[in-house]
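Encoded as structure tokens, the structure appears first; notes follow it.
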Amino acid sequence: MIEPACLRFLLVALLLVVWPHLFHLHWSHVALFLGFWAWRWLGIARPRLLPRGPWLPLLTLAAAVVVIVSRRGAIDLATSTGLFVAGLGLKLMELKRDRDVHIVVLLGWFVALTQFLYDQSLPMTLYAFAAAALLTAAAVRFEAAVALGWRPLARTVAGLMAPALPLAVLLFLFFPRPQSGFVRLPFDAVARTGLADVMEPGAVARLATSSELAFRVDFEDEPPPPAQRYWRAQVFWRFDGRRWLRHPAMEQPRPRPFPGQGRRYRYWVTVEPHHRRWLFSLGVPATVPAPARLTRDGVLRARAPVDERLRYEVVSRDSYRFPALTPLARNLALQLPGRPSPEVVTLLAELRRGADGPEALAVAVLSWFREQKFRYTLHPGTLGPRPIDEFLFRRRAGFCEHYASAFVYLMRAAGVPARVVAGYLGGFLNPRGRFLEVYQANAHAWAEIWVEGKGWVRVDPTRAVAPAYVEQVQDLPDPVSVAMPSPQQVLEGREAPASTPVRRSLRSLAIFWGDLEHRWHRWVLGYDRSVQARLFAWLGKRWPAVAFGLAAVLALVAFRRQTGGRRDPLQAAYEAFLRRMRRDGLVKAPHETPLAFARRAAARRPQQAAGIRAVTEAFLEAHYGRGDRRRAARRIRATLRRW
């Protein structure tokens, strides 16, 4: 019979193990497990409430039907996990004997392992390790002959789990790796990035307050100046009057990168999963990483949807030499959904006065934005059937998408090839790791115009309207989670709150955690076949020294364990007792607990039963409880001397 206290401890441990699964399973799967768990908890005080006989098979069949029907018959990761978690809940119904406890603990360890199919982050790793330790503690409590305090229980669990850590490290380093590092199944097809296949009002503004990470960037040398931190991801050519769309012809692969010149930036981008194909580069890339291809409009596209964290190396330059525009590209860069309105024609006639060339016209348009007191806002309202005209001449309030769209429209109407580019602007430079953190709040849209002799030239209309906003976003003073003030507050002219000890502590903690998480992604989750191959190559000529050093460490550990056992007076006294029993023909089996051996020995030697029980009680009380080990050792020796 299982003690109620131990059973409650096991149930709490199992609930904590399953807890992360409850946030991504179907609600019916969660209800099944929680219902079975609560049922078993009530059954501790009222065993008659537990199902018996044919009810268990019926419950099993009903739970399987609920899980499969809720998933509409799909046999995927969510269905498999739901069946397993529901089965764990069903197993609690027959949790009555020690054997059942062993099976439930084993299943709990497996559930903790399945968390990594969904999340391999550092917090989840720490949580899974803590859950496994808690399950191990539950198993130790069941096996202990006496009630254990928290400190002896923690020491015992640590002693059981610590020897497994070196083996885990060796398996991690040398076990054959999958091609992309840790296995991650693409169970979730919902994109976590704010960028979409089309650009329409609201697509970027929705992310202006998001603190979710988009990607991180490590630079070989110093990062580029903040004004150059434009992370290119998409180019939009076609405009239907409201939405901007990409063009299939311009997404065809380009055989080689554009020739670059000026300063060279080498960097590594770690992208979070977003289930689309776009990748990010600092402006136009000068190299093409292995998992990507370069399109004709100068953006990187992954060869497969980014369903797992991806790290790749890129080189960018300050400037590039672009070939002449093809007739198709020129036509696309001048396309308009219809004839410009008379208001647009009149405005362009005024702006063209004294504007000699595309760059001068662009400066005139930006100056007009400033003079007419356009406002940058994330909540401009819904535009009418002619959104460009309404934005330019009536509303005059919007965010980066409005300004990039209106600017490109005006340039095209004036006969200047132009296009819209979307991606991210700036980021936060982590001072500990010297890497850039780019958040969804950094999502941005800008424009590029064609200038003969220069090629595509970047123009950011938002900078002309809200320079303070752009300056903050391109070089965030703090991580977005603690950024003060937020980009929206800058637009409203609010000042940053005064620095306080709590705020400084939060900032330091966010910086430290960002650096730690980035290292985890690089050195643990990024440990793939190629990194393992480099490790093997490094060990090629050094393996004798490494093997000798490892053997020396193992020998030292074994020696310390042996000598440590002799120095422990309690263990030495108990071993003397076991030697006395062996002389009498009683040998303790390796699997036999001290209490079980004492019962067997007392039955075989009734005349020594009192002494055997006294020795065993003294040993168990001091070894697993809170008794003094030296005093217990003296009691054992005194008992042995009286035999």
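Values quoted throughout were computed directly from the atomic coordinates according to the rules given, and no laboratory measurement underlies them. Since we're looking at a predicted model, the values are computed, not measured. Please note: Cβ atoms are built from the backbone with ideal geometry, for glycine as well, and neighbour counts cover all protein chains shown.
Assuming a viscosity of 1.306 mPa s and a temperature of 10 °C, what translational diffusion coefficient in µm² per second does Stokes-Einstein assign to the stretch 65-138, Rh being the Kirkwood radius over Cα pairs? Write down the numbers at each step before the final one.
Numbers: Rh = 13.6 Å.
Reported coefficient: 117 µm²/s.
If amide hydrogens are placed 1.01 Å from N in the peptide plane, which non-local residues have theirs closer than 5 Å to the one on PHE435?
Residues meeting the amide H criterion: ASN430.
Taking the convex hull of the Cα atoms, report for the stretch 4-143 its projected area averaged over all directions, in nm². Walk me through the intermediate numbers first.
Numbers: hull surface 32.2 nm².
Taking the Cα atoms of the stretch 4-143, their convex hull projects to 8.0 nm² on average.
FRET efficiency for ARG604 and ARG637, Cβ-Cβ distance as r, R0 = 25 Å, nearest 0.05?
On the way: r = 23 Å, r/R0 = 0.90.
Once the sixth-power term is evaluated, E becomes 0.65.
How far apart, in nanometres, would the label points at ARG458 and LEU170 be if each is projected 7 angstrom from Cα along the Cα-to-Cβ direction?
Computed distance between label sites ARG458 and LEU170 equals 5.1 nm.
What share of Cα pairs, in percent, lie more than 22 angstrom apart in the stretch 546-642? Don't skip to the answer; put the middle values down first.
Numbers: 1708 of 4656 pairs.
Summing the P(r) of the stretch 546-642 above 22 Å gives 37 percent of all pairs.
At most 11 other Cβ atoms within 10 Å and a DSSP loop assignment: could you name the trypsin sites (Lys or Arg not before Pro) in the stretch 499-546 that fit?
Passing both the DSSP loop test and the Cβ count: LYS541, ARG542.
Cα atoms only: what Rg and Dmax, in Å, come out for the stretch 1-84?
Expressed in Å, the Cα Rg and Dmax of the stretch 1-84 come to 14.2, 41.
Using a basic spin-label model with each label point 7 Å from the Cα along Cα→Cβ, how many nm lie between LYS96 and ALA547?
The answer from the label model is 5.5 nm.
At a 10 angstrom cut-off on C-beta neighbours, averaged per residue, how do the peptides 357-366, 93-102, 78-87 rank from highest to lowest? Can you show the working numbers first?
On the way: 357-366: 18.0, 93-102: 14.5, 78-87: 20.7.
Result, highest mean first: 78-87, 357-366, 93-102.
Considering only DSSP beta bridges where both residues belong to the chain, give the percentage that are antiparallel (nearest 5).
The answer is about 95 percent antiparallel.
Tell me, what is the Rg over Rh of the stretch 198-491, with Rh the Kirkwood radius over Cα pairs? Before the final figure, lay out the partial values.
Working: Rg = 18.5 Å, Rh = 19.5 Å.
Using only Cα positions, Rg/Rh for the stretch 198-491 is 0.95.
Skipping prolines and chain starts, which residues have an amide H placed within reach, meaning under 5 Å, of the one on ALA286, given they are 5 or more residues away or on another chain?
VAL315, SER316, ARG317
Principal axis lengths of the stretch 327-401 from Cα atoms, whole Å, largest first?
If we take the Cα atoms of the stretch 327-401, the spans are 37, 28, 23 Å.
Rank-order 325-336, 253-264 by packing density, defined as the average count of other C-beta atoms within 10 Å over each peptide's residues, highest first.
Working: 325-336: 15.0, 253-264: 12.6.
Going from most to least packed, we get 325-336, 253-264.
Please compute the modelled spin-label separation between ALA304 and VAL531, points set 7 Å along Cα→Cβ, answer in nm with one decimal.
1.9
Excluding GLU448 itself, calculate the net charge of residues whose Cβ lies under 9 Å from the Cβ of GLU448, where each Lys or Arg counts +1 and each Asp or Glu counts -1.
Numbers: positive: ARG419, ARG458; negative: none.
Counting the neighbours of GLU448, the net charge comes to +2.
If we count every other residue with Cβ under 15 angstrom of PHE174's Cβ, Lys/Arg +1 and Asp/Glu -1, where does the sum land? All intermediate terms of the calculation are to be shown ahead of the outcome.
Numbers: positive: ARG177, ARG529, ARG534, ARG542; negative: ASP528.
Around PHE174, the charge tally is +3.
Could you please state, rounded to a whole Å, how far the C-alpha centre of the stretch 398-474 is from the C-alpha centre of the stretch 100-160?
Result: 51 Å between the Cα centres.
Net charge near MET199, counting Lys/Arg +1 and Asp/Glu -1 over other residues with Cβ under 12 Å of its Cβ?
Result for the neighbourhood of MET199: +1.
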